[in-house]
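One structure is given below, represented as structure tokens, and several questions about it will come after.
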Amino acid sequence: MNVALWAEIRRLAEIDKLSDRAIARRLHCSRRTVAKALELQQPPTPQAARRSSMLDPYLDRIKELLAKYPDLSAVRIREEIARGPEGYTGSATVLRRYLRRVRPARGRVYQEVHYQPAQAMQVDWGECGRVQVGSTSRKVSVFVAVLCYSRLGYIEFTLSQRKAEFYRGLVNALTFFGGSPRNLIFDNLKAAVLNGSGRNACFHPELLALCGSFCLQPVACARRDPESKGVVEDGVRYVKHNALAGRADQLTSFEDYLALAPYWRDQVANLRIHETTHERPVDRFEQERALLRPLPTIPFDTDEVVPAVVSPHARIAFDGNRYSVPPQFVRKTITLRANSNELRLLHEGHMVAQHVRSYQRGQLLVLPEHQLAALTLRQRPHQQALEQEFDGWGPEAREFHLRLNSRPVKTSVHVRRLLNLAKLYGRAEVLAAIARALELATYDAACVENLLLAQRRRRQLPTPTLPTPQRRELIDDIELEPADPALYDRFCHHTEEDSHGTT
């Protein structure tokens, strides 16, 4: 009997006052069905007929095993009931279906946590796929920090989850919030926890230094317990499903990720109506802002500081790349300080080199002055002195020298020729000609000399010449009186004697 038939029988009996026989005749059912329907005060519930199962003969044995071993697997139970000539011959799938029905559901019971303003901040990493950086494919990660009361969020995309990136993200998040809460909640990531977990966690000394600077209480979650920081877990999920979903054609470079983070954070995430608080995070944050502890007056140093030994090739390795070092520090230990944009190399507290940080892999980054210094050390003393004299003229001379070294010519010959031209034309004119040669991308001493000659012809000046005696040693024996500039006045002015002589 279904509900529709039960309802119609009751209507005909109570409203139309028909007899059981009349109702049975009209509805084409038996009078027994009519009588049963009138006895029911509640609608009938459908009950599927139980089908016989291959497990029926073994149910008692299964119940005994479960009473003794509640966590016994379906495979082991099947092995037990399959023994003997009349053992179970069915599949384990039927047995698993039965065990799911009779065993109690296993799982944790969670309790919702309510946070007070400025009580805690949760942080976590999320993986966002890969992006091409130059010729290298790099993983993109997102650092997410959420204030637990207001749900105000901060995100930052990075190309690694290194310790320095984690600390830099923390400092940037606290700076964005304008203060620090009382507790910092995170999972057992290597940048924060050396060993242990939860209440037994042993924190990294650098993390403790950061927490001490911002007056934070570090709180590590238990191992394999992401629900303990569900606020930031929801934040990471929201970034993946909202900020990144459907933007694959827009995020073609890491710069696109960097531009997306502040826009999505300020225009979308912090302005939405949060599904838990039913308020906008920016509005709820106003209740929390005044309770945050002020930031320290001395900024926390988040640079990655590592010692490195300079290789015999005047190189150091960092993050998959090699960077040049002045050759005088070969085989010495220097200190490398790296932030998100640059690398600084220090020796005994003094900076000896500075590089723009590369996020590609397998790159060799050499500064021109380092290459020139290395080439200088390989030269003979006399040749080295000539080239040092030439380099002392200024940046144009050093650039021209470096270009000469890249050509298949003998650099010392060209440098000596340029020094001789300076004696003849003067250093200023030679430097002007060198600058013009650099513009023309012509790196040759003969080109510089031709430019000097052309310049003098345009100015209608004679070409200067140096005396070239047959025997140079005779020059030392020549004694000349010092020149008197007054002797040249007669060529320019008429003296009084000359004027009397002409009258």
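Take the conditions outside any helix (DSSP H, G or I), modelled with pLDDT of 95 or more and within 24 Å of the chain's Cα centre (by Cα) and apply them to R344. Does it pass?
Values: outside any helix (DSSP H, G or I): yes; modelled with pLDDT of 95 or more: yes; within 24 Å of the chain's Cα centre (by Cα): yes.
Considered against the rule, which asks whether it is outside any helix (DSSP H, G or I), modelled with pLDDT of 95 or more and within 24 Å of the chain's Cα centre (by Cα), R344 comes out as yes.
If the Cβ limit is 7 Å and pairs must be 6+ apart or interchain, which residue in the range 6-23 that is surrounded by 15 or more Cβ atoms within 10 Å (Cβ to Cβ) pairs with which residue that is of a type outside the set (S, T, Y) and part of a loop (DSSP other than H, G, I, E, B)?
These pairs meet every condition: W6/L40; W6/P43; W6/P44; L12/L18.
Among the residues of the range 145-165, count how many are farther than 16 Å from G178 by Cα, among the small types (G, A, S) and in contact with an Asp or Glu (Cβ under 7 Å, 6 or more places away or on another chain).
Taking the range 145-165 and keeping what is farther than 16 Å from G178 by Cα, we get 156-165.
Right, trim to among the small types (G, A, S) and you get 160, 164.
Remaining after also requiring in contact with an Asp or Glu (Cβ under 7 Å, 6 or more places away or on another chain): 164.
Within the range 145-165, residues that are farther than 16 Å from G178 by Cα, among the small types (G, A, S) and in contact with an Asp or Glu (Cβ under 7 Å, 6 or more places away or on another chain) number 1.
What number of residues in the range 341-362 are in contact (Cβ under 8 Å) with a residue 60 or more places away in the chain and surrounded by fewer than 17 Cβ atoms within 10 Å (Cβ to Cβ)?
Residues flagged as in contact (Cβ under 8 Å) with a residue 60 or more places away in the chain and surrounded by fewer than 17 Cβ atoms within 10 Å (Cβ to Cβ) within the range 341-362 amount to 3.
Just to verify a result, which residue in the range 255-285, among those that are among the aliphatic types (A, V, I, L, M), within 22 Å of A245 (Cβ to Cβ) and part of a helix (DSSP H, G or I), is most open to solvent (accessible area, probe 1.4 Å)? Steps first, please.
So the first thing to find is which residues in the range 255-285 are among the aliphatic types (A, V, I, L, M), and the list is 258-261, 268-269, 271, 273, 282.
If we keep only those that are within 22 Å of A245 (Cβ to Cβ) as well, we get 258-261, 268-269, 271, 273.
Then keep just the ones that are part of a helix (DSSP H, G or I); that gives 258-261, 269, 271.
On the way: L258: 86, A259: 67, L260: 17, A261: 8, A269: 9, L271: 68 Å².
So the residue we want is L258.
Counting only residues that are out of contact with any Pro (no Cβ under 6 Å at 6 or more places or on another chain) and free of Cβ contacts under 8 Å to residues at least 40 places away in the same chain, give me the strands (runs of 3 or more DSSP E) lying completely in the range 154-235 with at least 3 of them.
Values: elements: 183-186, 193-195, 217-220.
The qualifying strands (runs of 3 or more DSSP E) are 193-195, 217-220.
Sticking with this structure for a sec: Can you tell me which residue is nearest to Q287 (Cα to Cα) among those in the range 182-202 that are surrounded by 14 or more Cβ atoms within 10 Å (Cβ to Cβ) and touching a helix residue (DSSP H, G or I) at 6+ places or on another chain (Cβ under 8 Å)? Explain how you work it out, then say what you get.
Narrowing the range 182-202 to residues surrounded by 14 or more Cβ atoms within 10 Å (Cβ to Cβ): 182-189, 191-193, 197-198, 201.
Remaining after also requiring touching a helix residue (DSSP H, G or I) at 6+ places or on another chain (Cβ under 8 Å): 184-187, 189, 191-192.
Numbers: L184: 19, I185: 21, F186: 24, D187: 27, L189: 31, A191: 32, A192: 30 Å.
Only one residue tops the list, namely L184.
Ok, one more. Within the range 238-254, count every residue that is in a helix (DSSP H, G or I) and hydroxyl-bearing (S, T, Y).
Here is the first cut: in the range 238-254, the residues in a helix (DSSP H, G or I) are 238-244, 254.
The next check asks that each one be hydroxyl-bearing (S, T, Y); those that pass are 238.
Count: 1.
Return the residues of the range 363-408 that are more than 30 Å from D303 (Cα to Cα), open to solvent by 50 Å² or more (accessible area, probe 1.4 Å) and among the aliphatic types (A, V, I, L, M); say none if nothing qualifies.
L377, A385
Further, regarding this structure: Check A314 against each of (1) closer than 25 Å to E165 by Cα; (2) in contact with a helix residue (DSSP H, G or I) (Cβ under 6 Å, 6 or more places away or on another chain); (3) touching a residue at least 60 places away in the same chain (Cβ under 8 Å) and name the one condition it does not meet.
(1)
Something else about it: Restricting to the range 214-224, and then to whatever is in contact with a Leu (Cβ under 9 Å, 6 or more places away or on another chain) and open to solvent by 30 Å² or more (accessible area, probe 1.4 Å), can you tell me which residue is nearest to L295 (Cα to Cα)?
For the range 214-224, the residue satisfying everything is Q217.
All but one of (1) buried (at least 17 other Cβ atoms within 10 Å of the Cβ); (2) within 27 Å of the chain's Cα centre (by Cα); (3) in a helix (DSSP H, G or I) hold for E288; which doesn't?
(2)
When you go through P299, P326, P294 one by one, which is the residue that is surrounded by 14 or more Cβ atoms within 10 Å (Cβ to Cβ) and either more than 29 Å from P205 (Cβ to Cβ) or not acidic (D, E) (or both)? Reasoning before the result, please.
Values: P299 fails: surrounded by 14 or more Cβ atoms within 10 Å (Cβ to Cβ); P294 fails: surrounded by 14 or more Cβ atoms within 10 Å (Cβ to Cβ).
Criteria check complete, one pass: P326.
The values are calculated or read from the model by the stated rules, or taken from the named source; none is laboratory data. Since the model is a prediction, treat every value here as computed from it, not as a measurement. Cβ sites come from the backbone with ideal geometry, for glycine too, and all protein chains shown count toward neighbours. Note: accessible area is taken over every heavy atom of the protein model, side chains too, but ligands, DNA and RNA are not part of it. Shrake-Rupley method; radii C 1.70, N 1.55, O 1.52, S 1.80 Å.
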